[in-house]
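The values are calculated or read from the model by the stated rules, or taken from the named source; none is laboratory data. Since the model is a prediction, treat every value here as computed from it, not as a measurement. So basically every Cβ, Gly included, is an ideal-geometry build from the backbone, and we count neighbours across all protein chains shown. To get the accessible areas, we keep the full protein, side chains included, count just its heavy atoms, and leave off ligands, DNA and RNA. Shrake-Rupley method; radii C 1.70, N 1.55, O 1.52, S 1.80 Å.
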Amino acid sequence: MAEFLIETIGLPSWLAWTAVAAVAAFLILNVIAGGALVFIWAERKIAARIQDRLGPTRTGGRFGWLQSLADGIKLLAKEDLMPDGADGMLFRLAPYVSFCASFCAFIALPFAFDVVGLRLNVGVFFVVAVLGLEVFGVILAGYASASKWSLFGAMREAAQVVSYEVPLGMCVVVPVMLAGSMDLVTIAEKQAGWLTNWYIFHDPFTFVIFWVYYTCAVASVNRAPFDLAEAESELVAGFHTEYSGLRWSFFFMAEYGSMFLVSALAAVLFLGGWNGPVPIASLLGWSDGSSLSAPYAVRLLGCANLMGKATAGVLVMMWIRWTLPRLRIDQVMTTCLKYCTPIAALMFAGVMLWQLFLPGGLVPGSRHQAAAVREAWLEGRGDRVPSTNVPLGVVPATSRQVVGVSQ
Amino acid sequence: MTECLLAATTWLLPFAAIDWHGLFFLLFAAIACGAAIMVVLTDNVVRMALHLVLSLGATAGLFFLAGSEFVGAMQLMIYVGGTLVLLVFGVMLTAQTQLVSLRTPAADRVLAGILAAALFAVLVQSAVSVEAWRRPGRAEVSAPTATPLGMALVGVRVDGDAAGHESRPLSGYLLPFEIVSVHLLVVLIGAAYLARAKRRRTPRAVELVASVDPPPPVQARSEAGESASVLVGGGR
C-alpha cells in the first residue's frame, strides 16, 4: 500500500509510511472497539436465549442491535467516581494499562497474508508475552481501589493467570514445532489448502491439545467458568467494583479484545488461519496457491475467513459462560495444574514422537531434516533482507522499516 | 489531485526532516531512564512496581527498535510479565502496612548513590571505548533474527558460512542446552517440593471407621479449611 501511494499518487515516502501506519493503527483499534460493541450485544442475546428470555429487543429496531451503543452513551454520561482512600494515579491508570496490553498484542496478529500490523519473527511469543501483561492493569485496579472486594478479585486473577500461562505456553509451542517457525504468518501459511491441512487435524495429539489450548485461553482471559476475579455472587464485581463510566468500559473493551485475540490466535495456530476449510480462491483460479502473488480480493477473503473463525471462537466462549457454573478457586487451580498441564505435556511429547517416527510428517530423518531446514533458512534470508528503502508490501517486515520512514 | 494532496499536506513537511528512528530511540530511552529514577524516588511499593514495569517495557521497546524482536519479547515475558507479577504478589501477600511507605535511611541513600555512580562511570567508560560505536551515522545491519541461535541450540548451525567452515560443519549447542534444561527442571521440582503444603497424614475414611477412637474434630476441620484455601497456601 505504501509503495502504491509512493508510485501512483506521488506522495513522498515518509508521508506514505506515516499514512499507512495511521491506517493500520486505526483499523486495529476499530477491530477492538467495534468488536466489543458487537460482542456485548451478542452476549446479551445469547445469554437471554440460553436462559429462555428475549434479551434486548427495543433499542434500534427489531433485535435491539443498537443496545450496546446506547450502553456506551450511558457510560460516557456516567459520573467518574473514585473512592476515598484510593491511590488516585494508579486508579486512573489501571484501565488504560489493561487496554494497552490488549491492543499491543493485536499488532502482531495477522489477519491475512501480509495484512498484519507488524510481521514479527517471533509473533507467537510476542502475543503470548503481551497478553500476560493485561493482568497488571487488573492488579493495579484491585490494589488502588482501596476495597477488599477489588483486592480479592485482583489476587485471584493474578494467581489464575500466572498458573494458566504454563499450559497455555505448552499448547502454543506445538504448532510452532509443526511449522518450524514462530512467525504467525508462516504458521498459517503452512496450513494452506483443504481442511485436512489444519494443524488441529494433523494428528490425534494436536486435536486434543487444541481443546486444552481453548480451555486455557478461556481461563487466561477470565471468562466464566473461570471468572473468579469478578465473581459477582461473592465479590460484588471483583476488581472493577469501584469503577464506573468510561474507565469501567475500558476494562470491558480489554476483556472483549482479549477474547477475540485468543480466539484469533487459536484460529491461526490450529484452524488454518485465513485458509478456509475449502480453498475457494485457488479453486476459482484467483490465486495460484501461493499467497505471495495473491490479489487483494483474496486477502480480503482470507481476512473475513479469519475474523469469522475468531468470532465463532468468541461465541463458543459465550455459550460456555452461560452454560457452566463457576468453579471454585481450588477447582480452577486443580484444572490447571492437575489436568491441563500434564495433558499438554503428554500431548507435546506425543506430537514430537509423531513427527519423529511417522512418515508423511515433516521429518523422514532428523539429519536430512536439519539440512533441509538450513537450506530453507539460508534461501529465505536472501529474500528477507532487502535494503531498507524497498517496502515489502502492505506492512514492513521489520520494526526498523516502520520507523525509518525518513530514509 | 496529487498536487492538491501535496498542497494540503505542506504543513507536514517539517516532519520529513525528522530522523524517526533516532526520535523513537530517544523517546524510549527517556521513558526508561525517567521511570528508573522514579523507582528510586517513590515511597510506595506498588507505584515502584509500576515505574519498574514502565522502565523495563521501554527497554523492550528499545530492543524492538534495534530489530532484535526475540530479545524484546523475552524482555517483555520474563522481566515485565513474570517478575513484576510475582513482585506485586509478594508485596501484597506480605506485610502491607510496612511497605506502603518505604523510607530509606540517609546513610543508605548515600551508599547507594556512590555505588550507582561508580557503576554508571564504569558502564559509560566501557560503552564509549568501543571503537565501532563512535562512528557518526548508522551502519546498515541486516535484520538479526533469533533463528540461527535457535537452530544452533538444536544442533544445526546456519551461521558457519561466513567463517568458511563449509567442509567441517560447526557443532551445535544441543548438549549444553539439554544440561541446562535438566538443571532447570531440578530447580523447579525442588521449588515445588520446598513450597508444598506440609500437612500431617490424616486417617482415611476406611481407617476412621475401623479405628476405635474417633478422630479429633478440630484437626479434621482445620484440614478441610486448608484444602479449600489454595491461595493462602495452607501455611500453618
Q: Quote to one decimal, in nm, the extra length available between B:Tyr193 and B:Ala29 on full extension: 0.36 nm per residue of separation minus the C-alpha distance between them.
A: 54.9 nm
Q) How big is the accessible area of B:Ile189 in square angstrom, nearest 10, if you roll a 1.4 angstrom probe over the protein chains? A) 110
Q: Determine the principal axes of the Cα atoms in the range A:55-154, then give the extent along each, sorted from largest to smallest and rounded to whole angstroms.
A: 46, 43, 20
Q: Order the peptides A:250-262, B:56-68 from the highest to the lowest mean number of other Cβ atoms within 10 Å of their residues.
A: A:250-262, B:56-68
Q) What average count of beta carbons from other chains do you get within 10 Å of the Cβ of residues in A:126-134? A) 5
Q) Where a Cα-Cα gap under 27 Å defines reach, which lysines qualify for A:Lys78, not counting those fewer than 8 residues away within the same chain? A) A:Lys45, A:Lys148
Q: Over all directions, average the projected area of the Cα convex hull of the range A:81-370 and note it in nm².
A: 15.9
Q. Excluding ligands and nucleic acids, what accessible area in Å² is computed for A:Arg49 using a 1.4 Å probe, to the nearest 10?
A. 150
Q) Binning every alpha carbon pair distance of the range B:29-77 at 5 Å from zero, what are the percents per bin? A) 6, 26, 25, 20, 13, 7, 3, 0
